[in-house]
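Working notes for the structure below.
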Amino acid sequence: MARRTIARLGEPIVRQRAVEVDRRSLDTPALAHLIEDMIDTMRAENGVGLAAPQIRESVRIVVIEANKNPRYPQFPSIPLRVLINPIVTPASGSSTLPPRDSISIYEGCLSVPGMRGRVVRPRSVRVQALDAEGKTIDEQWEGIAAAIIQHETDHLDGTLFVDRADPRTFCFSEEYEQYVPAALRVVDGSEEDTPRTEDA
Ligand code: ZN
């Protein structure tokens, strides 16, 4: 087990399309070792997810976990997941996303340290993948977990959140902490439909 260093924006590997994991390599020590290193690195860096290219392995594997994360204190607890060859499909097929079907988060990225920017994504996605044992995963993910898996699978295609963020929302972490109101940091469209009662 080992913590690895993170490839940052500008290093070519973070812009490359990662290759599928061959089913025959699923049971190998090398793959188990890589997944362990990804989990160790994600936890050591306070990430809520990590894609293999971020530790310079250009293969389609992501790990996700959230638990009282200091970088994203408002995130719910998400148990550790390992997803191999993930395919993420938005539930809503339309190209225009009604607010109620979207989630907007001031995202950050271990490969873009010290910056945040607001990204709007579909809030409900179908997630198909293999787990670490090679078992098939086919689930519907909602809300923050859906946003995280989209951020991570983007990495496998060389796409970073900076490509999707509204450029006028880009900010440094310190300014984010100081100036972005808590209510704007995560806006889950499904919750906007419920009447607000906090003014009462
Ligand atoms: Zn990232």
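The values are calculated or read from the model by the stated rules, or taken from the named source; none is laboratory data. The structure displayed is predicted, hence computed values, not measured ones. In this analysis, Cβ positions are derived from the backbone assuming ideal geometry, glycine residues included, and neighbour counts consider all displayed protein chains.
Looking at the stretch 97-114, I want the residues that are surrounded by fewer than 19 Cβ atoms within 10 Å (Cβ to Cβ) and of a type in the set (D, E, K, R) and have a partner that is part of a helix (DSSP H, G or I) and modelled with pLDDT under 95 with Cβ atoms under 9 Å, at least 6 apart or on another chain. Which pairs are those? Pairs that qualify, where the first residue is surrounded by fewer than 19 Cβ atoms within 10 Å (Cβ to Cβ) and of a type in the set (D, E, K, R) and the partner is part of a helix (DSSP H, G or I) and modelled with pLDDT under 95, are 100/189; 100/190; 100/192; 101/189; 101/190.
Of all the criteria given as (1) crowded, with 19+ Cβ neighbours inside 10 Å; (2) modelled with pLDDT under 95, the one not satisfied by residue 41 is (2). In summary, residue 101 fulfils each of the numbered conditions (1) at pLDDT below 95; (2) within 16 Å of the ligand (Cβ to nearest atom) with the single exception of condition (2). Selection of the stretch 36-84 for residues being in a strand (DSSP E or B), more than 16 Å from the ligand (Cβ to nearest atom), touching a residue at least 24 places away in the same chain (Cβ under 8 Å) and within 16 Å of residue 148 (Cβ to Cβ) yields 80, 82.
Residue-wise test of (1) under 9 Å from the mean Cα position of the chain (by Cα); (2) within 19 Å of residue 48 (Cβ to Cβ).
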residue	(1), (2)
137	no, yes
140	no, no
143	no, yes
149	yes, yes
153	yes, yes
156	no, yes
166	no, no
172	no, no
176	no, yes
